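Working notes for the structure below.
The values are calculated or read from the model by the stated rules, or taken from the named source; none is laboratory data. Remember, predicted model here, so these are calculated numbers, not experimental data. Using ideal geometry, Cβ is built from the backbone for each residue, glycine included, and neighbour counts are taken over all protein chains shown.
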Amino acid sequence: MDMPETHDGGAGKAAASIRRIGVIGAGQMGSGIAQVCAQSGFEVALVDIKEDILKRATAGIGKRLQRQVDRERMTVGDMDATMKRIRTGTDYAMFADTDLVIEAATEDEGIKRRIFEQVTKAMRPDAILASNTSSISITRLAAATDRPAAFMGLHFMNPVPAMELVELIRGIATDDPTFELVREVALKLKKRPVVSEDFPAFIVNRILLPMLNEAIYTLHEGVSTVTDIDTALKLGAHHPMGPLELADFIGLDTCLSIMQVLYEGLADSKYRPCPLLVKYVDAGWLGRKAGRGFYDYSGEKPVPTR
């Protein structure tokens, strides 16, 4: 019986440095990852399924870099050099010369698995694959690839250019060279890496999302209003954003996906997603990106929708 071919990219690249990085997904997270990689001197290949998404991503990167120039945190020359390091396209063949590919697609395990099935065919056998998943099992995702030893979690915080933290998560098969190389990349990106075991939602979201879910329950049960819940946490706990405002910023679909991963993975009723969160997602009220969530963003100032 023939066994499937597997690759151990990390072990094969132990003495090599990572120079070219591929990013899958040009949404808010993927474009942010592409930006910080390019700013740190890496050549970047950014791939998405639609050209208009890529155009919006590059325009957004340009605007963010221009703001840094305006604030005298970057020169025009550095901005131009950064933009030139980013190539975009819709074909995974762009990853043929990359040393590391970071998947930053939507938080859906089925979609990620289909992406890995296709992208690994385009990657070199010695290249490393990482996922920016915020909650899904790295061990399980790795098993869906041809290179579980050279696969791990590299979870950036949102917004990527501004947030210093990155979570490093090893799957059961992740080898030491892969982990060390990816950790080295995180440091070159001027991020502060923390290490998490492969448990549902890792560190930040294991703690943060149940708090947001509880805030939604507080609204659902009529304890208080959207505005007062957010004000209470901003003034009472000194949080920069209220929990409902933050949920809208993250995306209510993403919040729901993470709560479902926690609920199913840990089998504890305290992680049950609030029915009001489910209702908002069913309605397509996904937060800022949809123009409506716990706040309506269609006017000059966000207005509570409830």
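A few points about this structure:
- The stretch 234-245 residues that are modelled with pLDDT of 95 or more, paired with ones that are in a loop (DSSP other than H, G, I, E, B) and surrounded by 15 or more Cβ atoms within 10 Å (Cβ to Cβ) (beta carbon under 7 Å, 6 or more apart): LYS234/GLY242; LEU244/PHE294
- Taken together, ARG147, ARG192 contain a single residue that is of a type in the set (Lys, Arg) and more than 20 Å from ARG19 (Cβ to Cβ), which is ARG192.
- Flag if LEU168 is assigned by TED's automatic domain parsing to the domain that holds GLU103, assigned to a helix (DSSP H, G or I) and over 20 Å from GLN260 (Cα atoms): no
- Test for LYS55: is it charged (D, E, K, R) and either surrounded by 15 or more Cβ atoms within 10 Å (Cβ to Cβ) or under 16 Å from ILE24 (Cβ atoms) (or both): no
- For MET163, the conditions (1) in contact with a Phe, Trp or Tyr (Cβ under 8 Å, 6 or more places away or on another chain); (2) among the hydrophobic types (A, V, I, L, M, F, W, C); (3) surrounded by 16 or more Cβ atoms within 10 Å (Cβ to Cβ); (4) closer than 26 Å to ILE250 by Cβ all hold with the exception of (3).
- Counted residues, the stretch 96-120 - those being closer than 26 Å to SER17 by Cβ and either more than 19 Å from the chain's Cα centre (by Cα) or assigned to a loop (DSSP other than H, G, I, E, B) (or both): 6
- Scanning the stretch 244-254 finds one or more residues that are touching a strand residue (DSSP E or B) at 6+ places or on another chain (Cβ under 6 Å) and part of a helix (DSSP H, G or I).
- Residue selected from the stretch 92-108 under the condition within 17 Å of GLU43 (Cα to Cα) and out of contact with any strand residue (DSSP E or B) (no Cβ under 7 Å at 6 or more places or on another chain), by the criterion surrounded by the fewest Cβ atoms within 10 Å (Cβ to Cβ): ALA93
One line per residue, one yes/no per condition, for (1) more than 21 Å from the chain's Cα centre (by Cα); (2) buried (at least 16 other Cβ atoms within 10 Å of the Cβ); (3) not basic (Lys, Arg):
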| residue | (1), (2), (3) |
| --- | --- |
| PHE199 | no, no, yes |
| ASN213 | no, yes, yes |
| GLY251 | no, yes, yes |
| THR254 | no, yes, yes |
| ILE258 | no, yes, yes |
| ARG272 | yes, no, no |
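- The condition (being over 30 Å from LEU256 (Cα atoms), hydrophobic (A, V, I, L, M, F, W, C) and either at pLDDT 95 or above or surrounded by 14 or more Cβ atoms within 10 Å (Cβ to Cβ) (or both)) is satisfied by just one residue among MET1, MET79, MET29: MET79.
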